[in-house]
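Please treat every number below as a calculation from the coordinates, not as lab data. All values reported here derive from a predicted model rather than from experimental measurement. Note that we place each Cβ from the backbone using ideal geometry, even for glycine, and neighbour counts take in every protein chain shown.
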Amino acid sequence: MRGGDPFSESLVTMRKLEDFIPAGHPLRVIRQMANTALEKMNGLFSAMYEADIKGGRPSIAPEKLLRAMLLQVLYGIRSERQLMEQAQYNLLYRWFIGLSMDDAVWVPTVFTKNRERLIKHDAVIEFFNEVLAIAEKKSWLSGEHFSVDGTLIQAWAGHKSFVRKDGDDDNGDGGNFKGSKRSNETQQSKTDPDSRLYRKGNSTGSELRYMGHTLSDNRHGLIANAMVTRADGFAERDAAKTMINDARQALDDPAREITLGADKGYDAAEFVQACQAMNVVPHVAQNTSGRSSAVPDTIAQSEGYAISQQKRKLIEQGFGWAKSIGAMRQVMVRGLRKVDQMFVLTMAAYNLVRMRTLGQVRPQPAQ
């Protein structure tokens, strides 16, 4: 006998939101680590809203905003509007953000308004650092052996927006640019002025882009530093010097030697000398194509150099994850500061995912 198809909805439920989340769901461990990092940021959050203490309606908790932004990265959700739409009916999203089943979901403009506040107080950078501190506590970082690399990020702007800075276009239409000379010196994007027209190597063509840079720790490939710059031929080496200098400053012993692995693009005398001046051994791949390498043969023939060249490939996993999962292939925000914020948050999310795996493969001994 065929059963009926009735539907009756209960007005009251005795189940908690967490009861709907599987006990072994990957987000449970990630949320726990994220909350640990956010708890350490309580002082920063208090300072962020100090100016609003005189009165008015309480703001949305910054912890919830950061968890929502983190969720957007983890699931590759392309916009805040789509995120809020799915948070209406997705119990997993509500649980991760910290919204109860009865809480109203925010409007997407909440992110637009609060993003500037997070940038102003470097909240995302602080979150990244706190996540890294968790990895340090679990001995998942070497703190001595690093790799560096950069990747191109396509800006949210098209060729038609790339017009002359003086407004003197020959035809008044930035879209008809065939046969004309285009340069960052004379032209600029109206949509995203911080982006730069750039082509790397023998790629197919120039695009409006940014350049993302990461410094990875060689022990497990966790990202130790991340930043975004304007795209140009010197950005990779300049960013590498900044990031490895930060790593050097973080060490308790300034005399302790550290290593830095990199590809052939970093084989320049100026960069190698800068590393040696910071007491950093440049394990840079030698570029001997029609030229002599700036990396001494004594370094290139060492055992540590060979290990660094093998380990430096781990950094590509972070870039691949950021572009395939974290939606960093083409950013959906404009401006250097906003792109940098999203890139750093994406790398923090990548670290959390990798740390969850490390926690299963290399569990900590009982205290």
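Summary of values
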{"quantity": "Potential lengthening between ARG117 and LYS190 on full extension [0.36 nm per residue; Cα-Cα distance subtracted]", "calculated": "23.8 nm"}
{"quantity": "Phi to ³J(HN,Hα) by Karplus 6.51 cos²θ - 1.76 cosθ + 1.60 over segment 288-305, Hz, x for Gly, Pro", "calculated": "10, 7, x, 7, 9, 7, 7, 7, x, 5, 4, 6, 5, 9, 7, 5, x, 4"}
{"quantity": "Environment charge of ARG312, counting only residues whose C-beta is closer than 9 Å and scoring Lys/Arg +1, Asp/Glu -1", "calculated": "-1"}
{"quantity": "Simple label model, 7 Å out from Cα along Cβ direction - ASP19 to ALA255, nm", "calculated": "6.3"}
{"quantity": "More than 21 angstrom apart: percent of Cα pairs within segment 183-283", "calculated": "43"}
{"quantity": "Positive-pole candidate from LEU352, SER302, SER324, dipole of segment 244-367, charges at beta carbon", "calculated": "SER324"}
{"quantity": "Residues of type aspartates and glutamates that LYS264 reaches as a straight line, Cα spacing below 20 Å, ignoring anything fewer than 8 places off in the same chain", "calculated": "ASP149, ASP217, ASP232, GLU236, ASP238, ASP297, GLU303, GLU316"}
{"quantity": "Where Rh is the Kirkwood radius over Cα pairs, Rg/Rh for segment 205-349", "calculated": "0.97"}
{"quantity": "log10 of Debye I(q)/I(0), alpha-carbon scatterers only, for the chain at 0.06, 0.11 Å⁻¹", "calculated": "-0.29, -0.87"}
{"quantity": "Gain upon complete extension [SER183, GLU85; 0.36 nm per residue less C-alpha separation]", "calculated": "31.2 nm"}
{"quantity": "3J(HN,Hα) from dihedral phi, segment 263-276, Karplus parametrisation 6.51/-1.76/1.60, rounded to Hz, x for glycine, proline", "calculated": "8, 5, x, 9, 7, 9, 4, 5, 6, 4, 5, 5, 5, 5"}
{"quantity": "Förster-model FRET efficiency, 51 Å R0, GLN310 and MET1, C-beta, rounded to 0.05", "calculated": "0.15"}
{"quantity": "Residues with amide H under 5 Å from that of ALA224, placed H, sequence gap 5 or more", "calculated": "LEU215, SER216, ASP217"}
{"quantity": "Full-extension gain in nm, ASN279 to HIS159, via 0.36 nm per residue minus C-alpha separation", "calculated": "38.8 nm"}
{"quantity": "Residue (of HIS283, ILE244, GLN341) at the positive-pole extreme of segment 208-367, dipole from beta-carbon charges", "calculated": "GLN341"}
{"quantity": "Amide hydrogen neighbours beyond the local backbone of GLN187, cut-off 5 Å, H modeled", "calculated": "LYS165"}
